[in-house]
Amino acid sequence: MMKSTPKQRQFIGFLRKQLNIDTETYLDILQSYGVDSSKDLTRGQAEELLQSLKCKAAEIGAYKSKTGSHYTKYNNMSGRYGMGTPAQLRKIDAMWKNISNQPTDTAKEKALNSFIERITGKKRLSFLTQNEISKVIKAIQVMEQNQKEKIKNG
């Protein structure tokens, strides 16, 4: 698993300051990911945390995205009856980045879509229904567990 990048950690620190998050609260947030330091976050976990912090900072006017509007990946997918919510799609995206070995975001997305097609028959993450979301999350969790066991057993 790839660890968080210095750029991600720097941005987490920036948003933490913008949100006035005290040390105790920050450590609680990190503990929710099972780590004591942002250096121990995986890239996917760091991205998930960044998305959460960006949303909170945007809500209080402490952060604006480079596009000038508050945009979070998959927000344009909200309100689709029976389909995956933006939060669910982001969760799968972050989980995949956490276990993926592909070197680029484009390669990771291509691999994720291939994985989704094997599991559900659908071509893209955004096409998934609520039922299919659950199947994909469970499959990725199994892959994560297998990776952990492989690392543990050497």
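How about region 95-132: which of its residues are of a type in the set (D, E, K, R) and part of a helix (DSSP H, G or I)?
97, 105, 108, 109, 110, 117, 118, 132
Kindly establish whether residue 130 is polar (S, T, N, Q), crowded, with 19+ Cβ neighbours inside 10 Å and modelled with pLDDT of 85 or more.
no
Tell me, yes or no, whether region 72-80 has at least one residue that is under 29 Å from residue 30 (Cα atoms), assigned to a helix (DSSP H, G or I) and either of a type in the set (Val, Ile, Thr) or open to solvent by 50 Å² or more (accessible area, probe 1.4 Å) (or both).
The first filter runs over region 72-80 and keeps only residues under 29 Å from residue 30 (Cα atoms), leaving 72-78.
When the remaining residues are screened for being assigned to a helix (DSSP H, G or I), the result is 75-77.
Cutting the leftovers down to either of a type in the set (Val, Ile, Thr) or open to solvent by 50 Å² or more (accessible area, probe 1.4 Å) (or both) gives us 75-76.
Yes, region 72-80 has at least one match.
Of the residues that sit in region 11-60 and are free of Cβ contacts under 8 Å to residues at least 24 places away in the same chain and assigned to a loop (DSSP other than H, G, I, E, B), which one is most open to solvent (accessible area, probe 1.4 Å)?
Ranking the candidates gives 20 first.
Could you tell me which numbered condition residue 135 fails, if it satisfies all but one of (1) in a helix (DSSP H, G or I); (2) out of contact with any Ser or Thr (no Cβ under 7 Å at 6 or more places or on another chain)?
Of the numbered conditions (1) in a helix (DSSP H, G or I); (2) out of contact with any Ser or Thr (no Cβ under 7 Å at 6 or more places or on another chain), the odd one out for residue 135 is (2).
Can you pull out every residue in region 1-10 that is closer than 24 Å to residue 101 by Cβ and either without any contact (Cβ under 8 Å) to a residue 12 or more places away in the chain or in a helix (DSSP H, G or I) (or both)?
Within region 1-10, 6, 7, 8, 9 qualify.
The values are calculated or read from the model by the stated rules, or taken from the named source; none is laboratory data. Quantities reported herein were computed from a predicted structural model and do not represent experimental measurements. All Cβ positions, glycine included, derive from the backbone under ideal geometry; neighbour counts span all protein chains shown. Calculation scope for accessible area: heavy atoms of the full protein, side chains included, ligands and nucleic acids excluded. Shrake-Rupley method; radii C 1.70, N 1.55, O 1.52, S 1.80 Å.
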